[in-house]
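Colleague: Take a look at the following structure, please.
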Amino acid sequence: MSPSRPSRRSLLRGAASTGLLLAGGFAMPAISRAADRPAISHGLQAGDVTGDSAVIWARADRPSDLLVEVATSDSFKDARRLPPIHALPARGQAGKVLVRGLPADQQIFYRVTPRSLDDINVLGEPQVGQLRTAPTGGRRVAFVWGGDVAGQGWGIDEERGGMKIFAKMAGHNPDFFLNSGDTIYADGPLKESVALADGSTWKNLVTPEKAKVAESLEEFRGNYLYNLLDANLRAFNAQVPVFVQWDDHEVVNNWYPGEILNDDRYQERSVNKLLARSAQAFHEMYPILSQPEEPFRVYRKIAYGPLIDIFVIDKRSYRGPNSANRQSEPGPDTLFLGPEQLAWLKRELVNSKALWKVIASDMPVGLVVADGKEHFENGANGDGPALGREMELAELLRFIKAAGIDNTVWLTADVHYTAAHYYDPNKAQFQDFEPFWEFVTGPLHAGTFGPNKLDNTFGPEVRYVKAPTKEQGANLPPSEGLQFFGQVEIDPDTGVMSVTLRDVEDQALWSIDLEPKRG
C-alpha cells in the first residue's frame, strides 16, 4: 500500500505556517499593500509525472514571476528552489516548468509564490500542491480516469456544490488522473439559468468567455480557466497530477483539419485557425510536457514505473475529413492516427517493458459516433469488414498480435456514459488480433447520453453499461446523478489490474480483475 498522504487541510495549514518566507531565505517586506501583490489566480497543477520528473503549472492574476520550490516534506526544510517562471500576457499569464532530478517513489511537495515584476521584494501568497513520483519497484499503482467537463450547457452551479465528482475522485487518493478529453466545451456557451424537468433551476456561473463560442485565443484560454473556478477541481489538482489529452470540443464539435464550418454562431469559420488558437491555450493551461520537435503535440508515452506505461494517443489532429468512412483502400481520407503517430505507437509498444500497456484513447474503438446523417466522426462506421479509418485500427491490432505485445487495455470517454467492452476476434469481422478490454466512462460534469450502437468489425461485447433509459431521454444534467469515473488499481505482487466503474456518489457500479500474461 502507498504511504498515507497529508490531507488538503494539512497542506493549507503548512502553507499558512510558512507565511511568505521562502526556503532560500527571501522574505516579503513587513509593509506591502495587498493590491500591490500578485496572486495565484486558478490554483496549481502538476502533470506528466515519471520516476524522476514532473511538470508544475500555475497562473498569476497579472504579469509576474512564479517562484517554484520542491521538497520531500511539507515543511519545505529541504526545498530546492527553481529559476523563476515568467508568467506573461503572451502565455495567458500562465507558466509551467519541467522539474527533473526528483527521487523515485517519493511524495513531493511543491510551492509556488508569485513575485512582482516591478519590485522583486513584493511577493504574493504561496500555494502548495503535492504529487507522488513513479515507483522503480513493487508498489501499488492506483489512478482514476474520465472526460467530458462543463458540456451541453451544464457549467458550475455553486448552489449544487459545483463539480462534486472531483471531490469523490480525490477521496481515492489516486497517483494520477487520466483526463480522456473534451476537457472543455469551447463550442458550448452557457446560460445563466436552465429550467429542469423537476421544476428546479440549474444556475450556471457564467464568464464572458463562456457566454459565446470560443474563437479568439483569449476566449479559448477563458474556457480552460472557467473550469478552474470550481473549488472541487482546484483542490483535486493540488492533490492529484493530471495526464491530459484532447478530443473535439477543445476546438469545435466533430472537427477535422482543414474543415470550414457551416455554423452561424462563428465569425471565424476556418477550423485550422480555431485549432491553432485552441492548441496554444491547451498547452498553456495544462501541465503537459511539450515535445521539442512538435510543441503542440498531444500524443506521448508516460512511464509510471514497472507496472504501467500510459500511451496517450490523439485521434483528432492527424485525421482526414469526416466522411461516409467506407473506403476500401488507405488514403488521405482514411487517416485517423496518421502515419507518424501510428509508427510511434508501434515502436513504443514494442519497446515498453511495463507489465500493463494502457492505450489512452480520446474515442472508443467500436462505438458508432455519427457526424450528421451520412458521415462518421469515429472510426466505427457500422457492421462489416474494416473500412475507412478502421483500417488503421486493424493495422495496429494486427501489429500488437504479431509482435507479441501482451496486456494492452484501452481507456476512453467521449460518449457520455459508462461501459465495459470485451473485443473478441471470434465474434469479429476482422479477426487478426488478440482479445482486449476497453473501458469507457464519463461524463465527469456534462450532459449524459447514450448508449451508442456497437460496430461488429472488431467483435465488441458489452459486459456492462450504465446510460440513460429511453424514458429519461438525453442530455441529462449532472443533478440526475448519471456522472461517472473509472478507477484502476494494479497489485504489485500479482500484477492484477482491477478496474471499477463508479458514479458521482462514488458507488461501485461494476468491477473486474484482469490477470496479466507473463512472457
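The values are calculated or read from the model by the stated rules, or taken from the named source; none is laboratory data. Note that the coordinates shown come from a computational prediction; the quantities given were computed from them, not determined experimentally. Neighbour counts are summed over all protein chains in view; Cβ atoms, including those assigned to glycine, are modelled from backbone coordinates with ideal geometry. We work out accessible area using only protein heavy atoms, side chains counted, and drop any ligands, DNA or RNA first. Shrake-Rupley method; radii C 1.70, N 1.55, O 1.52, S 1.80 Å.
Colleague: Return the loop-located GluC sites (Glu not before Pro) in the stretch 290-368 (DSSP other than H, G, I, E, B) with at most 12 other Cβ atoms within 10 Å of their own Cβ; answer none if there are none. List each step's numbers first, then the result.
Modeller: Details: sites: 293, 340, 348; in loops: 293.
Counting only loop positions with at most 12 other Cβ atoms within 10 Å, the GluC sites (Glu not before Pro) in the stretch 290-368 are 293.
Colleague: Moving on. So for the stretch 372-499, averaging the separation of alpha carbon pairs under 8 Å that are six or more residues apart and normalising by length, what relative contact order in percent results? Don't jump to the answer; show the numbers that get you there.
Modeller: Working: 236 pairs, mean separation 31.5, N = 128.
Answer for the stretch 372-499 is 25 percent.
Colleague: Please sort 66-72, 381-387, 467-473, 104-110 by packing, taking for each peptide the average over its residues of neighbouring beta carbons within 10 angstrom, highest first.
Modeller: On the way: 66-72: 21.9, 381-387: 17.0, 467-473: 11.3, 104-110: 19.0.
Those peptides, ordered most packed to least, come out 66-72, 104-110, 381-387, 467-473.
Colleague: With label points built 7 Å along Cα→Cβ from the Cα atoms of residue 294 and residue 405, find their separation and express it in nm.
Modeller: Using points 7 Å along Cα→Cβ, the separation is 1.6 nm.
Colleague: At 0.36 nm per residue, and after removing the present C-alpha to C-alpha distance, how many nm does the segment from residue 303 to residue 75 gain when stretched out fully?
Modeller: Working: separation 228, 0.36 × 228 = 82.08 nm, distance 2.89 nm.
Working it through step by step, the gained length comes to 79.2 nm.
Colleague: Quick one: go through the stretch 445-478 and flag any residue whose amide nitrogen is under 19 Å from the point 7 Å out along the Cα-to-Cβ line of residue 195.
Modeller: So the set is 473-478.
Colleague: Could you go through the stretch 213-221 in sequence order and give the Karplus-derived ³J(HN,Hα) for each residue, using 6.51 cos²θ - 1.76 cosθ + 1.60 with θ = phi - 60°, rounded to whole Hz, and x for Gly and Pro?
Modeller: Using θ = phi - 60°, the values come out as 5, 7, 10, 8, 4, 5, 5, 5, 4 Hz.
Colleague: Using helices alone, I'd like the mean residue ellipticity at 222 nm for the chain: each DSSP H run of four-plus residues gives -39500 (n - 2.57), total over residue count, nearest 500.
Modeller: Details: 7 runs with 78 residues, N = 519.
Calculated from helices alone, the mean residue ellipticity at 222 nm is -4500 deg cm²/dmol.
Colleague: Continuing with the same structure: Estimate the FRET efficiency between residue 269 and residue 328 by the formula 1/(1 + (r/R0)^6), using the beta-carbon distance for r and 22 Å for R0, to the nearest 0.05. Display every interim value, and only then the final one.
Modeller: Working: r = 32 Å, r/R0 = 1.46.
Efficiency for this residue pair is about 0.10.
Colleague: Run the numbers on the chain and let me know its relative contact order in percent, using alpha-carbon pairs under 8 Å that are six or more apart. Intermediate values should be presented prior to the final figure.
Modeller: Values: 1316 pairs, mean separation 70.4, N = 519.
Once normalised by length, the contact order is 14 percent.
Colleague: Further question: State log₁₀ I(q)/I(0) for the stretch 58-101 at q = 0.25, 0.27, 0.28, 0.33 Å⁻¹ as given by the Debye formula over alpha-carbon point scatterers of equal weight, solvent excluded.
Modeller: Debye curve over Cα of the stretch 58-101, log10 I(q)/I(0) at q = 0.25, 0.27, 0.28, 0.33 Å⁻¹: -0.84, -0.90, -0.93, -1.09.
Colleague: Rg over Rh of the stretch 337-406, using C-alpha atoms and the Kirkwood radius, what does it come to? Please report the intermediate quantities before stating the final value.
Modeller: Details: Rg = 13.6 Å, Rh = 13.5 Å.
Radius of gyration relative to Kirkwood radius: 1.01.
Colleague: Dipole size in debye (nearest 20) for the stretch 425-519 around its Cα centre, Lys and Arg Cβ +1, Asp and Glu Cβ -1? List each step's numbers first, then the result.
Modeller: Values: 8 positive and 15 negative charges, 68 e Å.
Magnitude of the dipole: close to 320 debye.
Colleague: A further question follows. Return the Cα extents of the stretch 318-449 along principal axes one, two and three, sorted largest first, each rounded to a whole Å.
Modeller: The Cα atoms of the stretch 318-449 stretch 42, 38, 30 Å along their principal axes.
Colleague: Shifting gears a bit: Which order do the peptides 73-84, 360-371 come out in when sorted by mean C-beta neighbours inside 10 angstrom, highest first?
Modeller: Per-residue mean Cβ counts within 10 Å order the peptides as 360-371, 73-84.
Colleague: How many Å² of accessible area per residue for the stretch 54-178, probe 1.4 Å? Intermediate values should be presented prior to the final figure.
Modeller: Working: 4250 Å² over 125 residues.
For the stretch 54-178, the per-residue accessible area is 34 Å².
Colleague: Explain nothing, just compute: Karplus ³J(HN,Hα) = 6.51 cos²θ - 1.76 cosθ + 1.60, θ = phi - 60°, for every residue of the stretch 133-149 in order, whole Hz, x for Gly and Pro.
Modeller: Whole-Hz 3J(HN,Hα) from phi for the stretch 133-149: 6, 5, x, 9, x, x, 8, 3, 10, 9, 8, 10, 8, x, x, 6, 10.
Colleague: Can you give me the P(r) profile for the stretch 158-228? Cα pairs, bins 10 angstrom wide beginning at 0, each as a whole percent.
Modeller: Computed distribution, short to long bins: 17, 39, 34, 11, 0.
Colleague: At R0 = 25 Å, how high is the FRET efficiency between residue 340 and residue 276 if r is their beta carbon distance? Nearest 0.05 is fine. Mind showing how you got there, number by number?
Modeller: Details: r = 19 Å, r/R0 = 0.77.
Efficiency, rounded to the nearest 0.05: 0.85.
Colleague: Placing one identical point scatterer on every Cα of the stretch 175-280 and ignoring solvent, what is log10 I(q)/I(0) from the Debye formula at q = 0.17, 0.20, 0.22 Å⁻¹?
Modeller: -0.88, -1.08, -1.19
Colleague: Based only on Cα atoms, what Rg/Rh ratio does the stretch 27-113 have, Rh being taken as Kirkwood's radius? Please report the intermediate quantities before stating the final value.
Modeller: Details: Rg = 13.8 Å, Rh = 13.8 Å.
In the stretch 27-113, Rg relative to Rh is 1.00.
Colleague: Moving on. Tell me the Kirkwood hydrodynamic radius of the stretch 117-190 in angstroms, computed as one over the mean inverse distance between distinct C-alpha pairs. Each step should come with its number before you reach the end.
Modeller: Numbers: mean 1/r = 0.0625 Å⁻¹.
Its Kirkwood hydrodynamic radius stands at 16.0 Å.
Colleague: Residue-wise, which Karplus ³J(HN,Hα) couplings in Hz belong to the stretch 437-442, taking 6.51 cos²θ - 1.76 cosθ + 1.60, θ = phi - 60°, and x for glycine or proline?
Modeller: 9, 10, 10, 10, 8, x
Colleague: Exceeding 25 Å between C-alpha atoms, which entries from my cross-link table qualify? They are 373/453; 96/357; 203/315; 212/273; 315/401. Please report the intermediate quantities before stating the final value.
Modeller: Details: 373/453 15 Å; 96/357 28 Å; 203/315 34 Å; 212/273 17 Å; 315/401 21 Å.
Distance filter (> 25 Å) returns 96/357; 203/315.
Colleague: Bins of 5 Å, beginning at zero and ending with the bin holding the largest distance: percent of Cα pairs per bin for the stretch 378-475, please.
Modeller: Per 5 Å bin, starting at zero, the Cα-Cα P(r) for the stretch 378-475 comes out as 3, 13, 21, 23, 18, 12, 7, 3, 1, 0 percent.
Colleague: Tell me, what is the per residue accessible area of the stretch 368-457 in Å², probe radius 1.4 Å?
Modeller: 33 Å²
Colleague: Whenever you get a sec, compute what percent of the accessible area on the chain sits on carbon and sulfur atoms (1.4 Å probe). All intermediate terms of the calculation are to be shown ahead of the outcome.
Modeller: On the way: 10000 of 19900 Å².
Carbon with sulfur: 50 percent of the solvent-accessible area.
Colleague: Quick one: of the DSSP bridges fully inside the chain, what percent are antiparallel, nearest 5?
Modeller: Values: 74 of 96 bridges.
Percent antiparallel among DSSP bridges in the chain is about 75.
Colleague: What accessible area per residue comes out for the stretch 283-359, rounded to a whole number of Å², with a 1.4 Å probe? Can you show the working numbers first?
Modeller: Numbers: 2860 Å² over 77 residues.
On a per-residue basis, 37 Å².
Colleague: If you don't mind, there's one more thing I want to ask. Eigenvalues of the Cα gyration tensor times 5, then square-rooted: what semi-axes does that give for the chain, in whole angstrom, largest first?
Modeller: Working: eigenvalues 269, 145, 97 Å².
Taking √(5λ) for each eigenvalue gives 37, 27, 22 Å, largest first.
Colleague: Follow-up. Hey, what did the stretch 202-347 get for relative contact order, percent, Cα under 8 Å, at least 6 apart? Before the final figure, lay out the partial values.
Modeller: Numbers: 153 pairs, mean separation 29.8, N = 146.
Here the relative contact order equals 20 percent.
Colleague: Here is a further query. From the Cα gyration tensor of the stretch 64-198, with a ≥ b ≥ c the square roots of its eigenvalues, which class applies: rounded if a/c is under 1.5, or else prolate if a/b is larger than b/c, or else oblate? Please report the intermediate quantities before stating the final value.
Modeller: On the way: a/c = 2.35, a/b = 1.33, b/c = 1.78.
Oblate is the answer for the stretch 64-198, as a/c is 1.5 or above yet b/c matches or exceeds a/b.
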